[in-house]
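The values are calculated or read from the model by the stated rules, or taken from the named source; none is laboratory data. Keep in mind that what you see is a predicted model, and the values were worked out from it rather than measured. Please note: Cβ atoms are built from the backbone with ideal geometry, for glycine as well, and neighbour counts cover all protein chains shown.
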Amino acid sequence: MLTRLKVTGFKNLMDVDIRFGLFTCIAGRNATGKSNLFDAIRFLSAAATETLMKAALSVRNEEGSRADATSIFHRAGEHISERMLFEAEMIVPENVIDDLGMTATATVRFLRYTLELRCSGSPTGEASPRGPIEIVKEALVPITMKEADKLLAFPRNKASWRNSTLRVVEPKNRSAPFISTEKTAEGRLIKLHGDGGSRGRPVTSNPATQFRTTLSIANTAENPTVLCAKREMESWRLLQLEPAALRNPDQISASVQHMAANGAHLPSTLYQLAHAPMATSSGTQNEADPQRVYAQVANRLSELLDDVQRVNVERSERWDSLTLEVTDRSGTVHPARSLSDGTLRFLALTVLELDPQSQGVICLEEPENGIHPERIPGMLRLLRDIATDPDEPVDETNPLRQIIINTHSPTVVLETDDDCLLVAESYPLIEGDKLSTSVRFSYLSETWRAEAFPDEPTVTKGKLLAYLNPIPTQDDTMRGYYELVGRQAVNAAQDRRRRVADRHDLQMYLPLVAE
């Protein structure tokens, strides 16, 4: 889980400092920098496994095509910023498997990772095998339990949730780093320290000659906490659900168990989940119950479509295929190839919610695409349910999973809980005689961020006026929800939530916008 991200010098992200909850919605106009934030997360994830050149080349540039290695650095006219700095605070998995099949257990689970880079050389890096990006500093340090109570300010059950996510192995008060960069008479050293608090062994005598991060070369249980941090960052991904990939059937013989970031292998993933033993909160497993799993998916899909009777994966031994099918109330079977783009994306997210192995940070751009405005509340409920429930312990039935979305839809903004909303705003940036733009991510007053960190910026009411479009409090989706779980239960749940549209300080503006 990514709890905080500080970025300077990446595209138009200058002095950005964001604190994340389990579900975060980022709203802003086109070209403000919402996607650049996702690119920064993707770059860090790629740098945990690939060379810096490959990580840089995997990031999109502003025109949407593949970038050159230096295009990820901030630009003001023809001037390219020389330095780029990342600082990420994260909760890592307790146990992971190394490249040799051994289990590694983290001794500390709340960590701060720092990576400072310098731009030099040609964009393609052809003159040097390490490319034009140099490492200036790399560090991985523990965050103490005392710090954690202050930094983890989002609403949660401090007893069960905290104890299940921040369990540590002795020593509990370790302050020594796991990765450090030190200055010496000969230059700088990057050191990899053992979990026992060793003085560390040098990984390189000169970080500038190292073409990949130290984190990326940790592949065995010899350094368990570093490996857990690597596995966590590997799990940060951007879902780009493509209708063509979602419509394709799978081969039975392929035995794919998890859906790809583009939505490929949706039938196989659902089939595997339906036929796998079901985990319980007590740690035991019940026998597989395919019909129960398919019924869960159908019930969730009924929040988007009224005419859903059944969801199923048809297995054909003859054609060696698994095909996703939806049956309507008239008994007509609709294979995936005939379903709408919005329906397929909703189905993919529904399957993602059921997959306990799908963990980490999941970024999603404009999830409202292909969804009728009346059904957007159902989409948001699904996204919130995919994220970890902060009131329950983290286990197989409640995996540590985080959702970050971006949008410019008024309906999404108004239906989002106000403490989950961040607003992206562009502002001019003057660097010497050069003028460029940067972005800030502001939150609303009277939310957990404002209470815990009062010195950080909040968004003005004027910036929210573009999103203040009145919406009905009881649309078809809500009426269906009343029938499903009962009016009293829904009212109680809504009392604990406060949408942006429900804020008392914005009510006076709603009639004006309606006119």
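Can you confirm whether segment 326-343 contains a residue that is closer than 18 Å to Gln291 by Cβ, part of a strand (DSSP E or B) and not hydrophobic (A, V, I, L, M, F, W, C)?
Among the residues of segment 326-343, at least one is closer than 18 Å to Gln291 by Cβ, part of a strand (DSSP E or B) and not hydrophobic (A, V, I, L, M, F, W, C), which makes the answer yes.
Return yes when Thr332 is free of Cβ contacts under 8 Å to residues at least 60 places away in the same chain, loosely packed, with under 15 Cβ neighbours inside 10 Å and out of contact with any strand residue (DSSP E or B) (no Cβ under 7 Å at 6 or more places or on another chain) and no when it is not.
Criteria met by Thr332.
Among the listed residues Leu85, Leu52, which satisfies the condition of being touching a residue at least 60 places away in the same chain (Cβ under 8 Å) and surrounded by 22 or more Cβ atoms within 10 Å (Cβ to Cβ)?
Exactly one residue qualifies, and that residue is Leu52.
Asp320 - would you say it is farther than 30 Å from Asn36 by Cβ and surrounded by 14 or more Cβ atoms within 10 Å (Cβ to Cβ)?
It is false that Asp320 is farther than 30 Å from Asn36 by Cβ and surrounded by 14 or more Cβ atoms within 10 Å (Cβ to Cβ).
Got a sec? Which of Leu301, Leu273 is aliphatic (A, V, I, L, M), within 25 Å of Pro373 (Cα to Cα) and either touching a residue at least 60 places away in the same chain (Cβ under 8 Å) or not assigned by TED's automatic domain parsing to the domain that holds Leu380 (or both)?
The unique qualifying residue is Leu301.
Give the residues of segment 383-397 that are out of contact with any Phe, Trp or Tyr (no Cβ under 9 Å at 6 or more places or on another chain) and in contact (Cβ under 8 Å) with a residue 40 or more places away in the chain, sorted by residue number.
Scanning segment 383-397 gives Asp395, Glu396, Thr397.
Report yes if some residue within segment 383-400 is touching a helix residue (DSSP H, G or I) at 6+ places or on another chain (Cβ under 7 Å), surrounded by fewer than 20 Cβ atoms within 10 Å (Cβ to Cβ) and over 26 Å from Ala153 (Cα atoms); otherwise report no.
Within segment 383-400 (the criterion being touching a helix residue (DSSP H, G or I) at 6+ places or on another chain (Cβ under 7 Å), surrounded by fewer than 20 Cβ atoms within 10 Å (Cβ to Cβ) and over 26 Å from Ala153 (Cα atoms)), the answer is no, since none of the residues qualifies.
Taking the options Gln296, Gln285, name whichever one is surrounded by fewer than 20 Cβ atoms within 10 Å (Cβ to Cβ), more than 23 Å from Leu324 (Cβ to Cβ) and assigned by TED's automatic domain parsing to the domain that holds Ser338.
Answer to the check: Gln285.
Being out of contact with any strand residue (DSSP E or B) (no Cβ under 9 Å at 6 or more places or on another chain), buried (at least 16 other Cβ atoms within 10 Å of the Cβ) and of a type in the set (A, V, I, L, M): is that true of Ala76 here?
The answer is no for Ala76.
Kindly check whether there is at least one residue in segment 142-160 that is charged (D, E, K, R) and modelled with pLDDT of 90 or more.
no
Given the criteria among the aliphatic types (A, V, I, L, M), modelled with pLDDT of 95 or more, within 22 Å of the chain's Cα centre (by Cα) and assigned by TED's automatic domain parsing to the domain that holds Cys420, does Leu349 qualify?
Judged against the criteria, Leu349 is not a match.
For segment 262-269, check the following and say yes or no: at least one residue is surrounded by fewer than 18 Cβ atoms within 10 Å (Cβ to Cβ) and in contact with a Leu (Cβ under 7 Å, 6 or more places away or on another chain).
The answer is yes, given that some residue of segment 262-269 is surrounded by fewer than 18 Cβ atoms within 10 Å (Cβ to Cβ) and in contact with a Leu (Cβ under 7 Å, 6 or more places away or on another chain).
Go through segment 180-203 and count every residue that is touching a residue at least 12 places away in the same chain (Cβ under 8 Å) and either acidic (Asp, Glu) or closer than 21 Å to Glu87 by Cβ (or both).
Residues flagged as touching a residue at least 12 places away in the same chain (Cβ under 8 Å) and either acidic (Asp, Glu) or closer than 21 Å to Glu87 by Cβ (or both) within segment 180-203 amount to 12.
Name the one entry in Arg237, Arg247 that is in contact with a strand residue (DSSP E or B) (Cβ under 8 Å, 6 or more places away or on another chain) and surrounded by 15 or more Cβ atoms within 10 Å (Cβ to Cβ).
Arg237
Restricting attention to segment 304-325, report how many residues are part of a loop (DSSP other than H, G, I, E, B) and over 25 Å from Arg375 (Cβ atoms).
Total meeting the criteria: 4.
Name the residue that is farthest from Thr269 (Cα to Cα), counting only residues in segment 201-234 that are surrounded by fewer than 23 Cβ atoms within 10 Å (Cβ to Cβ) and of a type in the set (Ser, Thr, Tyr).
Ser205
Which of the residues belonging to segment 365-379 are in contact with a strand residue (DSSP E or B) (Cβ under 8 Å, 6 or more places away or on another chain) and surrounded by fewer than 22 Cβ atoms within 10 Å (Cβ to Cβ)?
The answer is Glu365, Glu366, Glu368.
Name the single residue, out of those in segment 396-439 being part of a strand (DSSP E or B) and of a type in the set (Val, Ile, Thr), that is modelled with the lowest pLDDT.
Filtering segment 396-439 for residues that are part of a strand (DSSP E or B) and of a type in the set (Val, Ile, Thr), the one modelled with the lowest pLDDT comes out as Ile430.
Regarding Glu78, is this residue among the charged types (D, E, K, R) and at pLDDT 95 or above?
no
In segment 88-103, which residues are over 21 Å from Pro390 (Cβ atoms) and in contact with a strand residue (DSSP E or B) (Cβ under 9 Å, 6 or more places away or on another chain)?
Matches in segment 88-103: Asn95, Val96, Ile97, Asp98, Thr103.
Which one is farthest from the chain's Cα centre (by Cα), of the residues in segment 427-468 that are crowded, with 18+ Cβ neighbours inside 10 Å and among the β-branched types (Val, Ile, Thr)?
Here the answer is Val459.
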